[in-house]
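K.L.:
Sending over a structure as structure tokens; questions will come in a sec.
The values are calculated or read from the model by the stated rules, or taken from the named source; none is laboratory data. Everything numeric here is computed off the predicted structure, so don't read it as measured data. Neighbour counts are summed over all protein chains in view; Cβ atoms, including those assigned to glycine, are modelled from backbone coordinates with ideal geometry. Surface accessibility is based on the protein's heavy atoms, side chains included, excluding ligands, DNA and RNA. Shrake-Rupley method; radii C 1.70, N 1.55, O 1.52, S 1.80 Å.
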Amino acid sequence: MNDRRAVAVSVVSPGDAPAALLAELRETLSAERRPLIGFATGRTFANFLAGLARAIASGGLPVDAFLATHLDEYEGFPPDRRGGMAHELFTACPPLAALHARSAFAPVPCVAEAAAIGLHEQRLAAMGGVALQFVGIGRNGHVAFHEPGVPLDVGFHVATLSATTRDDARPRFAPAEPPARAITSGVATILAASRVVLCAFGAAKAPAVRAMLVEPIAAACPASALRAHPRLRVLLDRDAASLLPKEFL
Ligand code: GLP
């Protein structure tokens with residue numbers, strides 16, 4: 001599906017995004033019994049995760065209605081280590097930690113070992129496969145930690161983080177240096193989800209969003225490969241959408 005206009009792009013105000021994402025989650029919950037939800041980390045999803053925590057705490061959404069996992073983890077960062085991705089999710093949305101305690105949250109392994117990665121993939125399959133995957137995008141067009149230049153048919157793999165990715169992560173780890181490697185979903189992992197919702201907010205993401213939606217599909221922008229997904233939704237704010245041609249808006 002190379003027709004760029006076929007991708008569903010919505011432009012929302014950042015304030016409305018959490019409700020739109022919660023609505024996506026509710027739709028998946030109404031279509032499937034205890035689906036596996038793939039969460040994403042980063043500032044992009046912080047308000048959504050806080051909103052999800054509130055919805056669960058107020059009884060508006062039963063936490064046991066879904067199983068959970070996420071996209072990627074820094075090497076050497078188990079779920080209880082600050083700075084890691086699972087730790088970030090548990091802090092932003094404590095009900096996800098409760099799911100983990102009940103073995104209903106599958107953390108991405110933090111060891112760069114094929115056996116651990118294989119077991120994780122088996123676990124996701126046993127949980128039914130990812131029904132709804134939330135995804136952000138890096139300034140360099142990465143998705144999860146699938147970095148530019150890595151072939152687009154790759155699934156879970158050990159990523160060597162690019163310079164821009166490490167620069168963006170530096171404040172999170174200061175005064176220590178950010179990790180050099182991560183264990184990550186690849187484009188092929190994300191394409192295997194039944195529904196994919198990619199979000200990008202802010203002007204810094206505009207060039208990556210343009211490369212994703214307008215340029216030819218290529219490993220130089222891993223996110224571009226998600227255009228092949230039949231049920232992809234792209235949720236942007238005005239700034240992130242600012243370099244797109246009019247036909248997208
Ligand atoms: C990291 C994560 C990505 C995320 C990206 C953007 O690189 N591996 O999954 O999309 O950060 O993060 P932010 O939402 O903070 O811009």
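K.L.:
Top mean-square fluctuation among Glu147, Glu88, Glu73, Gaussian network model of the chain, C-alpha springs under 10 Å?
P.N.:
Residue with maximal mean-square fluctuation among Glu147, Glu88, Glu73: Glu88.
K.L.:
Using +1 on the beta carbon of Lys and Arg, -1 on that of Asp and Glu, and nothing else charged, what's the dipole of region 1-100 about the Cα centre, debye to 20? Could you put the intermediate results ahead of the total?
P.N.:
On the way: 9 positive and 11 negative charges, 38 e Å.
It works out to roughly 180 debye.
K.L.:
Let me ask you something else. With only Lys, Arg, Asp and Glu charged, each at its Cβ (+1 for the first two, -1 for the last two), find how big the charge dipole of the chain is about the Cα centre; round to the nearest 20 debye.
P.N.:
The dipole of the chain has a size of about 400 debye.
K.L.:
Something else: Provide, as a two-decimal number, the C-alpha radius of gyration of region 155-244 over 2.2 N^0.38 Å, N being how many residues it has.
P.N.:
1.18
K.L.:
Compute the signed sum of charges (Lys and Arg +1, Asp and Glu -1) over the other residues within less than 14 Å, Cβ to Cβ, of Gly15.
P.N.:
Residues close to Gly15 contribute a combined charge of -2.
K.L.:
Let me check I've understood the local charge: for Ala219, count other residues with C-beta under 15 angstrom from its C-beta, Lys and Arg +1, Asp and Glu -1. What total comes out?
P.N.:
Values: positive: Arg227; negative: Glu147, Asp153, Glu215.
Neighbour charge sum, excluding Ala219 itself: -2.
K.L.:
With equal scatterers on the alpha carbons only and no solvent term, can you work out the Debye log10 of I(q)/I(0) for region 1-134 at 0.11, 0.16, 0.17 1/Å?
P.N.:
Per q value, in the given order, log10 I(q)/I(0) is -0.41, -0.86, -0.96.
K.L.:
Separate question: Between Arg34 and Val11, what length comes free when the chain is fully extended (0.36 nm per residue of separation minus the Cα-Cα distance, one decimal in nm)?
P.N.:
5.3 nm
K.L.:
Percent antiparallel among DSSP beta bridges with both residues in the chain, to the nearest 5?
P.N.:
Working: 8 of 30 bridges.
Of those bridges, close to 25 percent are antiparallel.
K.L.:
Let me have the 222 nm mean residue ellipticity of the chain computed from DSSP H runs of 4+ only, each contributing -39500 (n - 2.57), with the sum over all residues rounded to the nearest 500.
P.N.:
After summing the helix terms and dividing by the residues of the chain, the value is -9500 deg cm²/dmol.
K.L.:
For the chain, what is the convex hull (Cα atoms) projected area averaged across all directions, in square nanometres?
P.N.:
12.2 nm²
K.L.:
Right, next: Top to bottom by accessible area (1.4 Å), largest first, where do Ser224, Ser10, Ser242 land? Spell out each step's value before the answer.
P.N.:
Numbers: Ser224 0, Ser10 30, Ser242 70 Å².
Of Ser224, Ser10, Ser242, the descending order of accessible area is Ser242, Ser10, Ser224.
K.L.:
Let me ask something else. How much net charge surrounds Ala101 when only the other residues with a Cβ under 14 Å from the Cβ of Ala101 are counted, with Lys and Arg +1 and Asp and Glu -1? Let's see the in-between values first.
P.N.:
Working: positive: Arg102; negative: Asp64, Asp80.
Net of charged neighbours comes to -1.
K.L.:
Another question, if that's okay. Compute a Gaussian network model of the chain, connecting alpha carbons closer than 10 Å, and tell me which residue from Phe134, Phe90, Phe173 fluctuates the most.
P.N.:
Phe173
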